[in-house]
1. Just to be sure I understand: with springs between alpha-carbon atoms less than 10 Å apart, which residue in ALA158, ALA32, ALA49 has the highest mean-square fluctuation in the Gaussian network model of the chain?
2. Note down the nm distance, to one decimal, between modelled labels 7 Å out along Cα→Cβ at ARG57 and at VAL92.
3. If I model a spin label at LEU139 and ASN228 as a point 7 Å from the Cα along the Cα→Cβ vector, what separation in nanometres do I get?
4. Which residue, SER215, SER112, SER15, tops the fluctuation ranking in a GNM of the chain built on C-alpha contacts under 10 Å?
5. Checking the a/c ratio against 1.5 first, then a/b against b/c, what shape does the Cα gyration tensor give for the chain?
6. If you line up the long axis of helix 161-173 against the longest principal axis of the chain, both from Cα atoms, how many degrees apart are they, to the nearest 10?
7. Identify which of GLN267, GLN241, GLN17 has the largest mean-square fluctuation in a Gaussian network model of the chain, with springs joining Cα atoms closer than 10 Å.
8. Which distance in nm do the two modelled labels at SER131 and ALA181 give, with both placed 7 Å along the Cα-to-Cβ direction?
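Coordinate-derived values only; no laboratory data. Please read all numbers here as calculations on a predicted model, not as lab measurements. Cβ coordinates were reconstructed from backbone atoms using ideal geometry, including for glycine residues, and neighbour counts include every protein chain displayed.
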Amino acid sequence: MTAKSKTKRTKMKRSPQERIGLFIVHVICITAGVLTVVPFLYVLSGSFATEKELLERSFFIIPHTISTNAYKYIVADGSIFRGLLNSTLVTVVGTVVNMLFTTTLAYPLSKSWLKGRNVILNMVVFTMLFSGGMIPNYLVVKGLDLLDSYWALILPGAISAFNLIIVKNFFQELPGELEEAAKIDGCSDLGIFTKIVLPLSKPALASVGLFYAVSHWNDFFNSMIYLNSTEKFPVQIILRQIVLLAQGASADGSAIDFGAGGTPPEQAVKMATTVVACLPILCVYPFVQRYFEQGVMVGAVKG
């Protein structure tokens, strides 16, 4: 019996109650998808709309007049490109550091025979509940002479307790027989970790790596506190400055001429900055989506 015939036979066996339930599930999923996508479409459309249309129409998906004034205003001085490079650098280096420290700590903690394992785990969990606060963190960064450097955005959060526990639990679920067989073949502990454990943990590592990358990309508060040089500002700080400048220009009437759209579109600038901030991460997500979905389902089904 072919797979197609089996599928048809399964559909024929469904009771009316099952069909109604399946229909309701599909409706709920479609509704949730629409509610999720529509706000993004509105922001994207609004970034290409004129200020007049944004004020006159409360909601739309396709603007009547296509205007690139908001994006012209964002790229006018070129600082946005420097901010994108800075954010990319911090995100890439920061994610590599995060994954290096997280995996190397999670692997030994996944072994029940490790002495002092519970003490270390309790210390990790303690950091999830309590933190030193903003001022002690600033004093630590200052004491380590990390102010106004990219390392101030990377090293203080090198390990996330939540992500560490996720990776540790995944390592614990891997069959111990694989490591025992590798040891019999003469593989070292480092070889087991790099050649067996990490390749088998791609779903969990992809999920945690995406969490770290998004956190670094969206980082705004730490950059505002620890960085002083404007040439080191990430894209989030640059976008904030652009929005504030657009608001000031619209308020005092000192805006430059942008053609048919008139003054710098304040609301459209806000939407355009949102698009610019989200677009790089959205471009990366399709490459890790397969592993991300597997990582989310880790531990969901047993047996």
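1. Result: ALA32 has the largest fluctuation of those listed.
2. In this crude spin-label approximation the distance works out to 3.9 nm.
3. Placing both labels 7 Å beyond Cα along the Cβ direction yields 2.0 nm.
4. Of SER215, SER112, SER15, the most mobile in the Gaussian network model is SER15.
5. It comes out oblate by the Cα gyration axes.
6. Long axis of 161-173 versus the principal axis of the chain: about 30 degrees.
7. GLN17
8. Between SER131 and ALA181, the label points sit 4.3 nm apart.
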